[in-house]
Amino acid sequence: MAIQWFPGHMAKARRQVTEKLKLIDVVIELVDARVPQSSRNPMVDEITAGKPRLIVLNKADMADPVVTDAWLRALKREEVEVVAVDAKHSKGLKQLITGAQKLMKEKHDRMREKGRNPGPIRALIIGIPNVGKSTLINRLAGRNIAITGDRPGVTKRQQWIKMKGGEMELLDTPGILWPKFEDQLVGYRLAATGAIKDEILNLDDIALYTVRELHARYPEQLKERFKLETLPEDGVELLELIGKKRGLISGGYVDFEKASELLLNELRHEKIGRISLETPADHEMA
Ligand code: G4P
């Protein structure tokens, strides 16, 4: 799904999420574990203020586990639980439900004391496109559900999707928020992980950003994957070397575009290993 940023989009998304908040107990904010800060909408704190929130670091199978642990600690605060999940392979779903239950415990205990049955936890999944909202809903439901999101001009009745164990019910239309591209790094991180289409930013620029990040954060994995003994300091030279190693030569020169595509493909398909492109320390959160 291509992302186009218009202020009107944000206002509409905000309205839609605000409407749904009235119906639910817990907000499940889905982010990409490889880029947890860049793959969220920074206004989410304000939009969902007052609602218990479960932050789900999804695609944890592709992220660096050490960095994911650091994020789990950095993001935890009052009224906010944080869990790491691999929705694609149904991993971490139990912790997700336990996290939601923790957030509701006090309220549910009070209801039980008064002899009332709290019933299932009602939740809304929100997140930017491509973070895995549909995948997570399907896995939690234990069946495939056609998830359409909110289409302009289409008003449909909200439906509750019952979860397998009965502990939780989800609204069937997840809240779609947009990332905020004001910081160019956010765009590069989202492009590198494949969350936004390559056409939105220049492919060479995305690849250059990526190769520099990999050099700084995961030099050994980079060397191993491309069979390099040393890594040139300069990003352009490094990308050229990768292209050369893979025989991407045309007219005597390394085909820079092909080398860029190759690097990004390999990163997105986990060929370079488990990679995280931002840490809490990058955001002075550690
Ligand atoms: P969205 O509703 O938030 O837009 O995201 P969606 O569920 O469509 O997921 C986007 C892509 O991310 C899908 O890949 C999906 O399989 C993948 N994905 C979701 N959760 C996880 C996860 O925990 N781990 C991994 N590795 N991938 C995940 P796709 O290539 O678009 O589709 P497909 O090839 O898997 O069918």
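Each reported figure results from applying straightforward, stated rules to the coordinates on display, with no laboratory input. These figures come from a predicted structure and were not determined experimentally. Note that each Cβ is placed from the backbone with ideal geometry, even for glycine, and that neighbours are counted across all protein chains shown.
How big is D, in µm² s⁻¹, for the chain by Stokes-Einstein at 25 °C and 0.890 mPa s if Rh is the Kirkwood radius over C-alpha pairs?
Values: Rh = 20.3 Å.
Calculated translational D: 121 µm²/s.
Taking neighbour counts of Cβ atoms within 10 Å as a proxy for exposure, in what order, fewest first, do Ser250, Ser39, Ser260 appear? Provide the component values of the computation, followed by the final result.
Working: Ser250 11, Ser39 27, Ser260 24.
Placing the least packed residue first, the sequence is Ser250, Ser260, Ser39.
Neighbouring Cβ atoms within 10 Å as the yardstick, rank His89, His9, His108 fewest first. Spell out each step's value before the answer.
Working: His89 11, His9 14, His108 17.
Fewest-to-most ranking of His89, His9, His108: His89, His9, His108.
Running Debye on the stretch 72-202 with equal point scatterers at the Cα sites and no solvent, what base-10 log of I(q)/I(0) appears at q = 0.20, 0.22 Å⁻¹?
-1.31, -1.39
With contacts defined as alpha carbon pairs under 8 Å and 6 or more residues apart, what's the relative contact order of the stretch 202-279 in percent?
Details: 63 pairs, mean separation 26.7, N = 78.
It comes to 34 percent, rounded to a whole number.
What list do you get for Met43, Met168 if you sort them by fewest beta carbons within 10 Å? Intermediate results must be reported in sequence, preceding the final value.
Working: Met43 15, Met168 24.
Ordered from fewest to most neighbouring Cβ atoms within 10 Å, Met43, Met168 come out as Met43, Met168.
Let me have the relative contact order for the chain, percent, based on Cα pairs under 8 Å that are six or more residues apart. Don't jump to the answer; show the numbers that get you there.
Working: 446 pairs, mean separation 62.0, N = 286.
Answer for the chain is 22 percent.
Give the Rg (one decimal place) followed by the Dmax (whole number) of the stretch 202-279, computed from C-alpha coordinates and expressed in Å.
So, for the stretch 202-279, Rg and Dmax equal 11.5, 41 Å respectively.
To the nearest 20 debye, what charge dipole does the stretch 169-286 have about its Cα centre, counting +1 at the Cβ of each Lys and Arg and -1 at the Cβ of each Asp and Glu? Working shown, then result.
On the way: 15 positive and 24 negative charges, 103 e Å.
For this selection, approximately 500 debye.
With +1 on the Cβ of every Lys and Arg and -1 on the Cβ of every Asp and Glu, and nothing else charged, how large is the dipole of the chain about its Cα centre, in debye rounded to the nearest 20?
Values: 47 positive and 42 negative charges, 389 e Å.
Result for the chain is approximately 1860 debye, rounded to the nearest 20.
Cut-off 10 angstrom, C-alpha nodes, Gaussian network model of the chain. Which of Arg212, Arg112, Arg40 fluctuates the most?
Arg112
Any idea how far the Cα center of the stretch 210-286 sits from the one of the stretch 17-82, in Å?
Each part reduced to its Cα centre gives a spacing of 29 Å.
Helix by helix through the chain, keep the DSSP H runs that span 20 Å or more along the axis on Cα and average at least -0.5 on Kyte-Doolittle, and give those back in order.
Numbers: long enough: 7-21 (21 Å, -1.08); 93-113 (28 Å, -1.19); 203-217 (21 Å, -0.07).
Both cut-offs are met by 203-217.
Rounded to two decimal places and with Rh computed the Kirkwood way over Cα pairs, what is Rg over Rh for the stretch 156-286?
Working: Rg = 19.1 Å, Rh = 17.0 Å.
That ratio equals 1.12.
Which whole-number percent gives the relative contact order of the stretch 5-138, counting Cα pairs below 8 Å spaced six or more residues apart?
On the way: 192 pairs, mean separation 42.5, N = 134.
It rounds to 32 percent for the stretch 5-138.
In the P(r) worked out for the stretch 1-122, what percent of Cα pairs fall beyond 20 Å? Walk me through the numbers before you get to the answer.
Values: 3699 of 7381 pairs.
For the stretch 1-122, the fraction of Cα-Cα distances above 20 Å is 50 percent.
I need the calculated FRET efficiency for the pair Arg15 and Glu78, taking r as the beta carbon distance and R₀ as 25 Å, to the nearest 0.05. If you can, show how the numbers build up before the last one.
Working: r = 27 Å, r/R0 = 1.09.
In this case the efficiency is close to 0.40.
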